[in-house]
Ligand SMILES: *Cc1c(COP(=O)(O)O)cnc(C)c1O
């Protein structure tokens, strides 16, 4: 019997490899009759959970009412009388203790205007970790900057300051830590490095709203930080993004770039810009979700603890979180035991078929063809000796980690019962794969 592969339903862009998973050789689990483990749903067994529960954003009734009032008012955009975007920006900046926030249409737009507003020299090099969301890199190229890929550390699987230091050249202008899955990068060392070398620091906090590094909120260590508010991020408004900074000139530039390059006066076109504005409805949702961010973080932390405890004896490895720091648990990332590493994609498929949310890692940036092959025209504009090294051995540790990593869904909107199902599904799948793989 051929296994039926579930549709890929994640809110994430389809990770590399998904949709063309090979059937894993040796894992045709159709004859398992052990009563305690059952048959995998992907092979026709009954799933741990009858239907998948969507981890959708939690929208307060009051938020819906306020959104309706905005619709009734007709003021859907900030530039025609709306006040909601400005209120959301003020509340967001205040939550992070920063002076300015600039709301935009997506996390990618937030990164793009941040890179441009930082006024980094054209074609200068920017250090970005190999485990990142693709936008951290594509927005660099779109801003005329050259990404240099940095490896991750073996314990927390976040940007490695030692490899960062090795890759600084006389063309380096900035460091972009990306706090993947909610795990904070080692910001003390990265900020020190930036200071010592006169580099700009822009954090990508798309998955890390509220994560602490050594007691300090991520997003407050450098010149600026960019957040995504899309889909199922901690603050989810459908699509949206926001930039925070203490630097007034940076904030003014970012705001102008997001609004056609306009300043404050009529037709004050200061420079070439984009149309990246946030709508009033998005801002209403964002404001309400910001007010429950602390609750959201507490819930995710508790559920992640339960999850790790329930999986403790399976040989999975979880990222080490430094003392005084907190993981924001956008997902609970974990490494499969080495003995199952080759079956990662098949295991993710099997867990999803049990109706529990699980994704593979985002790919190593250099496993994305258009990046590795340096296809954007930017690279052709560089003298040969300035082309970055995107060879197989750039950031090798990340390659090993990311190929074994699974990302277990954490919310929003999930509760203890949901985590119970998650534990059961992963236990079932790993146990069966273990029996078949050995
Ligand atoms: C989601 C995400 C982005 C991109 O945000 P969009 O709102 O989808 O454009 C960028 N960086 C990280 C870390 C993300 O998780």
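Since every read-out is calculated from the coordinates, none of them should be taken as a lab result. All values reported here derive from a predicted model rather than from experimental measurement. Cβ atoms come from the backbone with ideal geometry, glycine included; neighbour counts cover every protein chain shown.
Here is how the numbers come out for the structure above:
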item	result
Gaussian network model of the chain, springs between alpha carbon atoms under 10 Å - residue of 376, 177, 319 with greatest fluctuation	376
Cα centroid separation - region 379-414 against region 96-158, whole Å	14
Stretch gain in nm, segment residue 64-residue 252, where the contour uses 0.36 nm per residue and the Cα spacing is subtracted	64.6 nm
Among 103, 254, 346: highest mean-square fluctuation, GNM of the chain, C-alpha pairs under 10 Å	346
Degrees separating the helix 248-258 axis from the principal Cα axis of the chain, which is the longest one	70
Percent of beta bridges antiparallel (DSSP, the chain, rounded to nearest 5)	65
In degrees, nearest ten, helix 280-291 long axis to first principal axis of the chain (Cα)	60
Hull-based mean projected area of the chain, where the convex hull spans the alpha carbons, in square nanometres	21.8
Ellipsoid equivalent to region 282-341 - semi-axes via the Cα gyration tensor, in Å	29, 12, 11
C-alpha long axis of helix 293-310 to longest principal axis of the chain, angle in °	20
Estimated inter-spin distance, residue 75 and residue 393, nm [label 7 Å along Cα→Cβ]	6.2
Rh (Kirkwood; distinct C-alpha pairs) - region 170-248, Å	12.9
Sequence of 306, 336 once ranked by neighbouring C-beta atoms within 10 Å, starting from the fewest	306, 336
Cα→Cβ-extended label distance, 7 Å offset, between residue 374 and residue 46, nm	5.8
Using a Förster distance of 35 Å, the FRET efficiency for residue 416-residue 119 (Cβ separation, nearest 0.05)	0.15
Share of alpha-carbon pairs per 10 Å distance bin for region 61-291, given as whole %	9, 34, 35, 17, 5, 0
Two-site FRET efficiency, residue 269 against residue 192, from Cβ-Cβ distance with R₀ of 45 Å, rounded to 0.05	0.70
DSSP beta bridge pairing in region 31-176, given as percent antiparallel to the nearest 5	10
Residues 292, 298 arranged by fewest to most Cβ contacts within 10 Å	298, 292
GNM top mover of 243, 102, 58 - the chain, alpha-carbon springs below 10 Å	58
Evaluated at q = 0.11, 0.12, 0.19, 0.20 Å⁻¹: base-10 log I(q)/I(0), Debye formula over Cα of region 252-398	-0.84, -0.95, -1.15, -1.18
FRET efficiency estimate (nearest 0.05) - Cβ-Cβ, residue 436 to residue 87, R0 60 angstrom	0.60
222 nm mean residue ellipticity, helices alone, for the chain (DSSP H n ≥ 4; -39,500 (n - 2.57); rounded to 500)	-10500 deg cm²/dmol
